[in-house]
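Structure first, then comments.
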Amino acid sequence: MKLGCHVGMSGSEMFLGSVKEAVSYGADTFMVYTGAPQNTRRKAVGELKIEAGHALMREAGITEFVVHAPYIINLANTVNPETYQLAVEFLAKEMQRTHAMGSQTLVLHPGSHVGAGEDAGIAQIVKGLNEVFAQVPVGDRKVYVALETMAGKGSEIGRSFEELARIYDGVADNSRLKICMDTCHLNDAGYPVREDFDSVLEKFTRYFPLNQIACIHLNDSMNPQGSGKDRHANVGFGEVGFDALCAVTRRPEFANTPMILETPYVPKVGSKTRDLAPYKHEIQMLREGVFRENLIEQIQNEA
Ligand code: FE
Ligand code: FE
Ligand code: ZN
């Protein structure tokens with residue numbers, strides 16, 4: 001099992017700090033944003049402490065991590081040409097940063113059509129990915145753009161495997177694409193993650209072989225199947241539930257697939273701000289395979 005979580009990358013330690021954080025949770029893998037997920041300000045690659053981070057990864061036996069593109073990138077936008085152009089330029093740079101950092105997987109939200117309709121949105125995403133791939137040479141080590149399965153909130157593209165397959169169909173070199181499966185998003189998009197994950201994978205394989213899954217975002221959901229909402233819950237504290245999520249981590253098909261928790265931070269007792277990372281405890285609980293009803297209290301007590 002390759003289990004980890006998203007970690008920060010900031011301050012003077014940057015990527016080294018990300019690895020330290022992952023190690024502190026007992027993670028075997030992790031995910032980083034190359035800067036704040038909601039903006040495009042980025043430090044130069046030379047300032048990220050990449051070498052030191054990799055040295056610590058080797059020491060800790062971490063062999064793989066993934067990068068997430070900022071969610072303001074919207075390749076599907078046909079309404080505002082500047083948004084689309086920024087998305088193309090930024091995604092090209094983000095692929096190069098991912099390569100320089102030593103990761104093979106860049107997770108991308110396909111985009112939102114912002115009212116223009118699915119067909120226009122999908123066509124624009126295809127155009128954008130073709131432009132980006134034409135700009136960025138494959139190089140010595142391939143970086144895959146992993147399209148994330150989305151909840152279908154607002155006008156999001158990628159709420160179904162069929163929509164993701166239509167993107168693959170249009171992209172000239174779709175050997176540069178992979179998929180990131182988010183269990184909260186799948187649930188919210190209407191797939192029966194809780195009741196029948198076998199059938200979810202069966203539907204997936206109508207469009208893609210299972211080896212197209214580059215990583216899994218392992219999240220519970222605050223909302224019921226098909227709600228189209230996208231609000232993550234702590235593992236076992238949502239509508240997907242512990243048993244279903246634990247079963248995903250045990251699937252032989254995913255033995256080598258990075259599984260990344262993006263579950264919410266927990267507030268201190270009597271506080272409203274969520275500033276306690278739940279990951280060490282959630283990772284332990286998933287490894288042990290036994291649900292802890294008092295997990296949130298355990299996190300609070302340790303703080
Ligand atoms: Fe995401
Ligand atoms: Fe996700
Ligand atoms: Zn989400």
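A few remarks follow.
- DSSP bridge analysis restricted to the chain gives an antiparallel fraction near 15%, rounded to the nearest 5.
- Distance cut-off 18 Å, percentage of C-alpha pairs in the range 116-272 lying past it: 60
- Values of log10 I(q)/I(0), in the order q = 0.07, 0.08, 0.09, 0.16 Å⁻¹, for the chain under a Debye, Cα-only, solvent-free model: -0.25, -0.33, -0.42, -1.41
- Percent of Cα-Cα distances greater than 18 Å, calculated over the range 1-136: 55
- Put a plus charge on the Cβ of each Lys and Arg, a minus charge on the Cβ of each Asp and Glu, and nothing anywhere else: the dipole of the range 108-237 about its Cα centre is then about 240 debye.
- Helices assigned as whole DSSP H runs in the chain whose Cα atoms extend at least 24 Å along their own long axis and whose mean Kyte-Doolittle hydropathy is -0.5 or higher are found at 81-101, 118-135.
- Here the sum of -39500 (n - 2.57) over DSSP H runs of 4 or more residues, divided by the residues of the chain, equals -11500 deg cm²/dmol at 222 nm, to the nearest 500.
- Intensity falloff of the range 178-243 expressed as log10 I(q)/I(0), Debye formula with alpha-carbon point scatterers, at q = 0.19, 0.21 Å⁻¹: -0.67, -0.80
- Charge dipole of the range 178-264 about the Cα centre (unit charges at C-beta), most positive-ward option of PHE208, SER227, ALA189: PHE208
- Cβ charges +1 (Lys, Arg) and -1 (Asp, Glu), total dipole of the chain, debye: 580
Any read-out appearing in this document is the output of simple, stated calculations on the displayed coordinates, not a laboratory observation. Owing to the predicted nature of the structure, the values given are computational and were not obtained by experimental measurement. For neighbour counting, all protein chains shown are included, and Cβ atoms are generated from backbone atoms with ideal geometry for every residue, glycine included.
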